[in-house]
Amino acid sequence: MLVRRVRTWLPGLLLVAPSIVAIGVFVYGMLGWNFRLAMTDKHDEVSEGRFVGLENFIGLWDQPRWHISVNHAIMFTIVFVLGALVLGWFLAFLMEKGIRGEGTFRAIYLFPMAISFVATGIVWRWLMNSGMEERAVGFNRLFDAIGLPQWQWFRDPDWGMAAMALPAIWQMSGYVMALFLAGFRGVPEELREAARVDGCTEWGVYRHVVLPLLRPVTLSALIILGHISLKVFDLIVAVSGKQIITDVPAVFMWVAVFDSHDPAKGATIASYIVLSVAVFVIPYLIWSVRKERRS
């Protein structure tokens, strides 16, 4: 009996064993090493580093740049997540209505996903150039031509991070559209017809039938966009470089490790990024497991 069970699960275990080992070493092993480094006083590249517990985690909050980067990350996350969700939902709504050339439009909306954040940042750095009047290019040149006021874009001290979220919204809204479109197409037509027979308007059908059934899709999109925004790095650097005005924790971490040569501080910032992403991902995993058990 035991031999039969072993023969049943052993081939599958051997098949996934390399992946399990690789994930254990290069993901969780590296995370553990990073947290261990964050709890030392290794603030240069030559010292051994003594264990100091949570001293670095607490002391980081005394640094003004850390507060700036966290505030920027929060603003970027709010604008990016809400913008991508709203635009993706709206595009999916239009597609769901069966417009002509749906396949072409779907490919156009999904095309930005094939571009890296670095390439996107380079293009949008030109589009959001803060030059004005005779030096205006990109959007500012367009705004000047049609009589709209020009803007400093990502160099604006108050709304710069909101402008920085625009390239990310442009790149990820097509992916969100695909998620919502699959959700729309998964709603049985019988439920819609039943709601219409009961007197619901078309908007009422979406409000009381379709949208409640899209909650799992919305949650999935929220988790994906949230963790992308919290660890964003390449887009920021490609657009504005390592400037304080667009600083986020990932950029601060890079500066701490490679410019200031402070491994412990960089590991501490990285640990905070991991923990912030875990706030999004872990509740989603728990919800998914419970949902599977109920079903």
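The values are calculated or read from the model by the stated rules, or taken from the named source; none is laboratory data. Keep in mind that this is a model prediction, so the values were computed, not measured. As a convention, Cβ positions derive from the backbone with ideal geometry for all residues, glycine included, and neighbour counts pool all protein chains shown. These area figures cover heavy atoms from the full protein model, side chains too; ligands, DNA and RNA do not enter into them. Shrake-Rupley method; radii C 1.70, N 1.55, O 1.52, S 1.80 Å.
Could you size up the charge dipole of the chain around its Cα centre, putting +1 on the beta carbon of Lys and Arg and -1 on that of Asp and Glu, and report it in debye to the nearest 20? Don't skip to the end; give the middle numbers.
Values: 26 positive and 23 negative charges, 266 e Å.
Here the chain has a charge dipole of around 1280 debye.
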note = The Cα radius of gyration of the chain, divided by 2.2 N^0.38 Å with N its residue count, comes to 1.25
ask   = Under 19 Å Cα-Cα from Lys97, which aspartates and glutamates qualify once same-chain neighbours fewer than 8 residues away are excluded?
value = Glu189, Glu190, Glu193, Glu202
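Given the peptides 203-210, 264-271, 9-16, 278-285, arrange them by the average over their residues of other C-beta atoms within 10 Å, most packed first. Mind dumping the intermediate values first?
Working: 203-210: 14.9, 264-271: 23.2, 9-16: 9.5, 278-285: 13.1.
Result, highest mean first: 264-271, 203-210, 278-285, 9-16.
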query = Based only on the alpha carbon positions, what is the Kirkwood hydrodynamic radius of region 1-149, in angstrom?
reply = 22.3
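Quick one: pull the percent of accessible area on the chain belonging to carbon and sulfur, 1.4 Å probe, ligands and nucleic acids left out.
Details: 11640 of 17210 Å².
Looking at the chain in its full context, I get 68 percent from C and S.
According to the Kirkwood expression over distinct Cα-Cα pairs, how big is the hydrodynamic radius of region 153-295, in Å? Could the numbers behind the result be given before it?
Numbers: mean 1/r = 0.0547 Å⁻¹.
Final number for the Kirkwood radius of region 153-295 is 18.3 Å.
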note = Given a 1.4 Å probe, the accessible area of the chain per residue, as a whole number of Å², is 58
query = What are the DSSP H helices in the chain that stretch 20 Å or more along their long axis, judged by alpha-carbon atoms, and whose average Kyte-Doolittle hydropathy comes to at least 1.0?
reply = 2-23, 64-96, 160-185, 215-230
query = Please report, for the Cα atoms of region 21-82, the Rg to one decimal and the Dmax as a whole number; what are they, in angstrom?
reply = 15.7, 45
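I'd like the Kirkwood hydrodynamic radius of region 96-149, using the inverse of the mean 1/r over distinct C-alpha pairs, in Å. Each step should come with its number before you reach the end.
On the way: mean 1/r = 0.0737 Å⁻¹.
This gives a value of 13.6 Å.
Name the trypsin sites (Lys or Arg not before Pro) in region 1-87 that are in a loop by DSSP and that have at most 14 other C-beta atoms within 10 Å, would you?
Values: sites: Arg4, Arg5, Arg7, Arg36, Lys42, Arg50, Arg65; in loops: Lys42, Arg50.
Qualifying residues, ordered by number: Arg50.
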task = Figure the gain on full extension for Ser220 and Ser288 (residue separation times 0.36 nm, minus the Cα-Cα span) and round it to one decimal in nm.
result = 23.5 nm
